[in-house]
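Asker: This structure is in structure tokens; I'll ask about it shortly.
Only the coordinates and a few stated rules stand behind these numbers; no lab work does. The structure presented is a predicted model; accordingly, all values stated were derived computationally and were not measured. Glycine gets a Cβ as well: all are built from the backbone with ideal geometry, and neighbour counts include every protein chain shown.
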Amino acid sequence: MHSLRAKITILTLCVAVVTVIAVTLLSVLFIVNTEQQQSEQTLLLLCETGARNLDYYFSSVEKSVRMVTTFVDRDLEGLDEAQLEAHTERVRNYFDIVAHKTNGVLTYYYRIDPEISKTVKGFWYTDLEGEGFTEHAVTDITLYDTSDTSSLVWFTVPKYEGASIWLPPYITDNLDKRVISYNTPIYWRGTFVGVIGIEIDYSIMAEQVDSIRLFRNAGYAFLNDDAGNLIFHPRIDVTAMSAEERPKAPSGMVSSSTFISYTFNGEDKEAAWLPLSNGMRLNVCAPVSEMDGDWEGLVRRVIIVSAIVLLLMSLVALYFTGHITKPLQQLTEAAGQIDKGNFDFTLEYDRDDEVGRLTRTFKRLAAHVKDQVTDLSKRAYVDALTSVRNKGAFASYLDELQEKLDAQGGDMNFAVGMFDCDDLKRINDSFGHDKGDIYLKTASRLICRVFQHSPVFRVGGDEFAVILFGDDYRNRESLVTAFRTTAEHINASTENQWEQIRVSLGVAVYDPALDKAVIDAVRRADKLMYANKRARKENV
């Protein structure tokens with residue numbers, strides 16, 4: 001018959017074995033479930049952020065077209081030549097105001113159907129260089145068959161559909177620019193009069209989508225329509241293909257489910273997609289191997305640590321039977337808290353024995369998992385290369401700043417600085433992209449060092465932005481001087497072009513008299529930056 005000590009030891013060992021196994025399984029299950037959920041949430045978060053940015057862009061265009069359409073409906077009084085001429089001039093003036101308040105407009109137009117008037121043709125304004133709208137000769141519609149919706153699509157499709165519509169990318173007439181547009185047909189007492197529309201640059205939309213990256217750039221975003229036709233893909237030059245050559249989205253992408261698993265070029269991928277307001281679909285995808293890589297390593301470490309702890313506990317159970325039950329119970333309760341998503345638990349046992357080591361290992365493991373979860377949440381708003389905040393964070397920051405500005409009635413003192421790293425493409429082409437990365441990081445460090453009290457954002461491949469408040473706002477001129485002086489010192493100290501700093505910059509102070517919104521100050525700073533870039537090139 002076994003002694004009481006043996007029975008207690010055996011019972012303790014059994015409890016220890018069961019508890020450690022339970023803790024390990026719970027930890028493994030929690031890690032697997034948490035990492036998978038976080039990976040999916042990361043995809044969805046990036047997709048939501050990208051969709052929100054694109055929809056904000058598209059909705060501003062739709063809103064502007066609707067405003068002009070409403071004005072036209074109220075203003076149009078008849079179809080004789082004099083009435084149409086006066087009406088067109090009034091619409092021209094109103095459209096000019098609306099277009100200047102709309103972000104990203106490449107062209108806007110009001111085209112009268114030649115069947116309504118041979119002399120009153122409407123108008124077409126373009127802004128190809130970003131320096132303001134200029135009037136362009138309207139397209140001669142009489143040269144086209146308006147019943148053929150495959151040509152002159154901005155006019156024929158809305159006329160055929162009889163309703164407002166977003167058109168897929170096309171090359172706009174006479175400008176050789178790939179655009180997407182939102183168009184509305186105009187009617188007067190049931191008679192088709194013409195088309196109102198705004199065209200936006202396809203490349204701007206493509207840049208926003210291409211900026212969505214994750215998992216060391218193995219993950220990316222692309223656009224397709226609801227039929228699976230690719231509209232933009234960072235790894236496929238869709239613009240260089242005809243409609244027949246253009247590939248469709250991979251099988252399984254056109255689905256009603258938000259999360260999709262599919263195979264592309266022999267690689268298993270996971271994706272999240274969301275519909276955009278213009279009928280397109282934004283997809284954010286990543287390889288399954290990248291998504292699973294982190295949690296598989298964690299699981300292996302948990303299993304190894306648990307096996308080691310179990311072996312140690314078995315060897316010393318005879319000496320510590322009285323101290324095992326309570327610590328293991330605490331560990332089990334902590335594992336349950338983690339399984340519920342609560343990382344804020346307390347483990348009091350801290351003696352220098354197996355159970356104590358198990359407790360500390362478990363806490364480190366929990367802290368590591370918590371850090372991983374926190375890190376995944378932060379990645380969506382941190383630029384992987386420079387470690388400053390990214391374009392999504394910039395958009396979110398501007399929204400928050402606009403809300404504060406509205407709450408204070410426009411009474412705020414701040415300035416916006418825009419920075420552009422000159423010659424990045426040349427450095428990439430001449431010395432390699434690794435040197436281009438060094439060039440960007442060197443510029444980013446100097447911006448952060450000089451404007452150390454201000455938030456810094458990377459808003460494009462070679463562009464940075466800074467929002468100046470407080471001392472940085474008051475000392476902005478001296479800081480700009482310090483930035484340029486420091487850059488000159490750095491450039492003089494090295495012959496390596498990728499270690500030098502050649503940055504064009506522009507700083508615009510928010511002025512309620514000039515800026516209706518925060519974005520207007522951003523645009524002014526951007527224009528000043530480009531003016532600085534041109535001046536620098538002329539000096540060179």
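Asker: In segment 70-84, how many are polar (S, T, N, Q) and within 20 Å of residue 184 (Cβ to Cβ)? Break it down into steps so the answer makes sense when it comes.
Answerer: So the first thing to find is which residues in segment 70-84 are polar (S, T, N, Q), and the list is 70, 83.
Next, from what is left, pick out any that are within 20 Å of residue 184 (Cβ to Cβ): 70.
Of the residues in segment 70-84, 1 are polar (S, T, N, Q) and within 20 Å of residue 184 (Cβ to Cβ).
Asker: Please enumerate the residues belonging to segment 123-181 that are surrounded by 16 or more Cβ atoms within 10 Å (Cβ to Cβ), in a strand (DSSP E or B) and among the aliphatic types (A, V, I, L, M).
Answerer: Once the filter is applied, which keeps residues that are surrounded by 16 or more Cβ atoms within 10 Å (Cβ to Cβ), in a strand (DSSP E or B) and among the aliphatic types (A, V, I, L, M), segment 123-181 yields 165, 167, 179, 180.
Asker: Mind checking which residues of segment 72-93 are crowded, with 18+ Cβ neighbours inside 10 Å and not aliphatic (A, V, I, L, M)? Please lay out each step first, then the result.
Answerer: As a first pass, look at segment 72-93 and keep what is crowded, with 18+ Cβ neighbours inside 10 Å: 72, 76, 84, 87-88, 91.
The answer is 87, 88.
Asker: Looking at (1) touching a helix residue (DSSP H, G or I) at 6+ places or on another chain (Cβ under 7 Å); (2) free of Cβ contacts under 8 Å to residues at least 40 places away in the same chain; (3) part of a helix (DSSP H, G or I), which is the one condition that is false for residue 486?
Answerer: (2)
Asker: While we're on this one: Across segment 179-216, what is the number of residues that are out of contact with any strand residue (DSSP E or B) (no Cβ under 8 Å at 6 or more places or on another chain), under 20 Å from residue 119 (Cα atoms) and not aromatic (Phe, Trp, Tyr)?
Answerer: Residues meeting the conditions: 1.
Asker: Still on this structure, please answer the following. Taking residue 116 as meeting all but one of (1) touching a residue at least 60 places away in the same chain (Cβ under 8 Å); (2) under 30 Å from residue 398 (Cα atoms); (3) not in a strand (DSSP E or B), write down the number of the exception.
Answerer: That leaves (2) as the condition not met.
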